[in-house]
Amino acid sequence: MPLTLPEVLAAIRPVDPALFDVAKAHLDNLTKPRGSLGRLEELAQRLFAMTGGNPPTVDPARIYVCAGDHGVAAEGVSLFPQEVTRQMVANFLAGGAGINVLADTAGIDIRVVDAGCLGDPFPPNPLFAGSRVASGTANLATGPAMTIETCTRALLLGASLAAQAAAEGVKCLGTGDMGIANTTPSTALFCAYLFLDPETVTGPGTGLDSSGVQRKAAVVAKALELHQEVIDSGDPVAILAALGGLEIACLAGLVLGAAANKLPIAVDGFISTAAYVAARAIAPDVADYAVVSHASAEPGYAPIMNALDHKPLLDLGLRLGEGTGAALAIFLMRASANIYNNMATFAAAGVSEG
């Protein structure tokens, strides 16, 4: 039976806060000064809580790189033509992109999802997962990007991918994206969900100059005004449909599905964080399962993190997307799990406690 959105949401439960103390007691008994591994220990506690008190594990891990095209590209908000979306999907399939290299380096499986690219369906490929929902979105600056039905189908695509991964024994997920012009809908979503100003959040994306950024911010402001009634309604799915993208909705569904299956999920950069914010608006408890991987170099990312009260694991100046930051974060998640599981206790090692 196909999943329904109410079924996915009903399966999402917060982690048990008491498990953090259990994990901390174990970590404090390992052969090191208490807390000396810093955020790796915090991450280990979170992973322990996500598993419901079982030994934390993130292997095998899988990143889904979700692709889609955007009608708002017609507003001149990107330096690159829309054909690049399809070209980069082909590059992912050929193993030549940044995410291919970093996933291979970190020992992470990747799958590519054509959630909504323009043009004919791609030929079959073993790396493809799921099936496209539609051929691109409409222009969010002149009308809704998607119908609620289409948006819901994209959400369920992502949720089904998470469920399938869990059934296959995958223990950790990561998000990745590809879509020319997708920083524009992402910016609009941040403004709508987090009540941020377009001038504050809008950045260069693929490399716009200052006048291009101003033009892009004006497009976002126009879209927010056009869809103000939907935003005021507070309906998170309707907001995602009006302002989002097919790959963004698919990634939001992946976050929902990860939480429903009690899987940790590494959230990549600017676009993936917009998907996470949408998922969090739909089901706030997904925050218990999401690890924000890195601080995007987009200038608007810092106020977004402040609004969420989140601190990314890494700050490397990355702004590529594709899941590259998630691949690096999953390595750290693996390190945290291994510390929890494999370090000796003071008693077992015959080491005196300080």
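The values are calculated or read from the model by the stated rules, or taken from the named source; none is laboratory data. All values derive from a computational prediction rather than experimental measurement. Cβ placement follows ideal geometry from the backbone for every residue including glycine, while neighbour counts extend to all protein chains displayed. Note: accessible area is taken over every heavy atom of the protein model, side chains too, but ligands, DNA and RNA are not part of it. Shrake-Rupley method; radii C 1.70, N 1.55, O 1.52, S 1.80 Å.
What accessible area per residue, rounded to a whole number of Å², is obtained for the stretch 17-103 using a probe radius of 1.4 Å? Numbers along the way, then the final one.
Values: 3620 Å² over 87 residues.
Counting only protein heavy atoms, the per-residue value for the stretch 17-103 is 42 Å².
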Relative contact order [Cα under 8 Å, 6+ residues apart], the stretch 104-255, whole percent: 37
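Take 331, 195, 346, 190 and sort them by solvent-accessible surface of the protein heavy atoms, 1.4 Å probe, largest at the top. The partial results should precede the final answer.
Numbers: 331 115, 195 170, 346 20, 190 0 Å².
From most accessible down to least: 195, 331, 346, 190.
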Integer Hz, Karplus 6.51/-1.76/1.60 couplings in order for the stretch 237-244, x for Gly and Pro: 6, 5, 5, 4, 5, 6, 10, x
Sites residue 90 and residue 149 - FRET efficiency at Förster radius 35 Å, r taken between beta-carbons, to 0.05: 0.75
Residues residue 311 and residue 235, FRET efficiency given R0 of 41 Å [Cβ-Cβ distance, rounded to 0.05]: 0.90
Cross-link table 222/262; 24/311; 222/311, entries beyond 29 Å C-alpha to C-alpha: 222/262; 222/311
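Per DSSP H run of n ≥ 4, the term is -39500 (n - 2.57); total these for the chain, divide by its residue number, and report the mean residue ellipticity at 222 nm rounded to 500 deg cm²/dmol. Before the final figure, lay out the partial values.
Working: 16 runs with 177 residues, N = 354.
Helix-only estimate at 222 nm: -15000 deg cm²/dmol.
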The chain: relative contact order in percent, alpha carbon pairs under 8 Å with at least 6 residues between: 26
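As an exercise, use a Förster radius of 51 Å and the Cβ-Cβ distance of residue 10 and residue 36 to find the FRET efficiency, rounded to the nearest 0.05. Intermediate results must be reported in sequence, preceding the final value.
Numbers: r = 41 Å, r/R0 = 0.80.
The calculated FRET efficiency here is 0.80.
At 1.4 Å probe radius, can you tell me the per residue accessible area of the stretch 129-224 in Å²? The partial results should precede the final answer.
Numbers: 3330 Å² over 96 residues.
On a per-residue basis, 35 Å².
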For residue 252, net neighbour charge (Lys/Arg +1, Asp/Glu -1) across residues whose Cβ lies under 12 Å away: -1
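Based only on the alpha carbon positions, what is the Kirkwood hydrodynamic radius of the chain, in angstrom? Walk me through the numbers before you get to the answer.
Numbers: mean 1/r = 0.0494 Å⁻¹.
For the chain, the Kirkwood estimate is 20.3 Å.
Roll a 1.4 angstrom probe over the protein heavy atoms and tell me the percent of accessible area of the chain that is carbon or sulfur.
C and S fraction of accessible area: 56 percent.
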For the stretch 241-258 versus the stretch 60-107, the gap between their alpha-carbon centres in whole angstrom: 16
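When only Cα pairs under 8 Å and 6 or more residues apart are kept, what is the percent relative contact order across the stretch 13-103? Each step should come with its number before you reach the end.
On the way: 43 pairs, mean separation 19.1, N = 91.
The value is 21 percent.
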